[in-house]
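Everything below concerns the one structure shown next.
Values in this text are rule-based calculations from the coordinates and carry no lab data. In this text, all values refer to a predicted model and were calculated from it rather than measured experimentally. Positions of Cβ are backbone-derived with ideal geometry, glycine not excepted, and every protein chain shown enters the neighbour counts.
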Amino acid sequence: MTINERLKQITPSEIRAFDAQVSTIPGLLNFTIGEPNFDVPEFIKDAMKEALDKNFTHYAASDGLQELRQAIANFYQRRHQLDLNWQQIMVTVGASQGFMITMMALLNPGDKVLIPSPYFPLYGYSSILSGGESIFVDTSADGFVLTPEALDHQLQGHPEIKLLMLNYPNNPTGTTYSKDQVKGLAEVLRKYPDVYVLSDEIYGDLVYEGDHYSMVEELPDRTILLAGASKSYAMTGFRLGFLHIPADLYEELFKIFQTMVTCVSTPDQWAGVAAYNDGDQAIDDMKGEYNHRRNMIVDRMTAMGFDIPNPAGAFYVFPRIPAKYGDDDQAFALDLAEKAKVGVIPGSAFGPGGQGYFRFSYAAAYEDIAVAMDRMAAFMEAL
């Protein structure tokens, strides 16, 4: 059988594999997957039902309903004081399609993508499938953020880097970048005019300390902004993502998009219109609950002796495993699942810098998290 040689570089998801391994344990409370436990707000579902009733079930414009693209731009102005041009917004099948579109459009064989690590594994897969190569920068010694000095060092040493992949707030660590930190990275990037930024800010509405500051503010002509509705509105199954693309790149990325799909589901897009126009309170409600869970977890885990990098956004914590296990996060996570009935993901699944840590998703009910904290406390006392 002949297959694309690039596929040989891609392995099955370690996250999904470990989740499948522990999910069969009787009585397990599982915090492995970043899936919001909230229901989609009723007004969003009603908008989709109305679209169906009105027979808005045919093809939409390939790059998205104008109403949705305008709603997204208005949302960012209202919520983040960020000026996005709706005509530069392309609606995608979730954020995942956005990775592929961008990398396929920008990368040639031999080009490299700089990825701060730990990182979401799909970034690396998208780079491989697009013919690029990834350079991973271990950020664990710097509080899990990419410093300007580290960025400058990599760009100086690797002139073949064409794209910086940023993700903040970050999955898996929950860390984010302040306005000053974003400005620091942008100052370095201005020295390298051929490097673009793919800025995955899908968790940008879930920041608990300070305000989210987009790289678009600093480098609008070289930043492709990636976001979507799945995390902010618990609309994971709707598959609504978007890219905001520099004007001179838009048609190039659209060439890739049109080879993949005709358009995103039209009824789903009408649900997105409702979400972005009228969903601010829903975001605030969910964000408040996530923050409540976050504070409890940090307090409880710190009391247990865990070292936790500051989880300022998203819905993950990324603690260091107990010293007894060294860097063997797989052994720790298996023991925690089998003995304490608590499911987490080993940090090594997220690349360099992740080994010796674990990801705990608090996109789960507060009551379940509280029980998990009790179980973990007993587990730690028994070590």
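Percentage of Cα-Cα pair distances in the chain greater than 32 Å, rounded to whole percent? Present the calculation step by step, with values, prior to reporting the outcome.
Working: 24749 of 73153 pairs.
In whole percent, the share of Cα-Cα pairs in the chain beyond 32 Å is 34.
Placing pseudo-labels 7 Å out from each Cα toward the beta carbon at LYS179 and ILE3 gives an inter-label distance of 4.9 nm. Approximating the spin labels as points 7 Å out from Cα along Cα→Cβ, the TYR59-to-ALA382 distance works out to 6.0 nm.
Using the number of other C-beta atoms within 10 angstrom as an exposure proxy, rank SER232, SER96 with the fewest first.
On the way: SER232 24, SER96 18.
Ordered by Cβ neighbours within 10 Å, fewest first: SER96, SER232.
Give the separation of the Cα centroids, the range 114-134 to the range 49-65, in Å. The two parts, judged by their Cα centres, are 34 Å apart.
Remark: PHE136, PHE144, PHE18, PHE360 ranked as PHE136, PHE18, PHE144, PHE360, counting other beta-carbon atoms within 10 Å and listing the fewest first. Each helix, a run of at least 4 DSSP H residues, gives -39500 (n - 2.57); summed and divided by the residues of the chain, these come to -13000 deg cm²/dmol at 222 nm. Here LYS287 is the anchor, and the lysines within straight C-alpha reach of less than 30 Å, apart from those fewer than 8 places off in the same chain, are LYS45, LYS49, LYS179, LYS183, LYS231, LYS341.
When each of TRP86, TRP270 is scored by the number of other beta-carbon atoms lying within 10 Å, the sequence from fewest to most is TRP86, TRP270. For the pair the range 189-268 and the range 311-383, the centres of their Cα atoms are 30 angstrom apart. From the residues TYR362, ALA282, VAL342, which one has its Cα farthest along the dipole of the range 239-383 in the positive direction, the dipole being from +1 and -1 charges on Cβ of Lys/Arg and Asp/Glu about the Cα centre? The one lying farthest along the dipole's positive direction is VAL342. Between ASP328 and ILE25, the simple spin-label model (points 7 angstrom out along Cα→Cβ) gives 1.6 nm. Considering every alpha-carbon pair of the range 237-289, the percent of pairs per 10 Å bin, from zero through the bin containing the longest distance, is 19, 37, 30, 13, 1.
With the cut-off at 1.5 for a/c, could you classify the range 165-315 from its C-alpha gyration tensor as rounded, prolate or oblate? Display every interim value, and only then the final one.
Working: a/c = 2.35, a/b = 1.25, b/c = 1.88.
Note, shape of the range 165-315 comes out oblate.
Taking the Cα centre of the range 58-278 as the origin and placing charges on Cβ (Lys, Arg +1; Asp, Glu -1), which of LEU226, CYS263, TYR59 is farthest toward the positive end of the dipole? So the residue furthest toward the plus end is TYR59. Computed from backbone phi with θ = phi - 60° and the Karplus coefficients 6.51, -1.76 and 1.60, the 3J(HN,Hα) list for the range 152-158 is 4, 4, 5, 5, 5, x, 9 Hz; x is used for glycine and proline. Placing +1 on each Lys and Arg Cβ and -1 on each Asp and Glu Cβ, with no other charges, gives the chain a dipole about its Cα centre of roughly 480 debye.
For the range 27-180, what ratio Rg/Rh do Cα atoms give with a Kirkwood hydrodynamic radius?
Details: Rg = 19.2 Å, Rh = 18.7 Å.
Value, to two decimals: 1.03.
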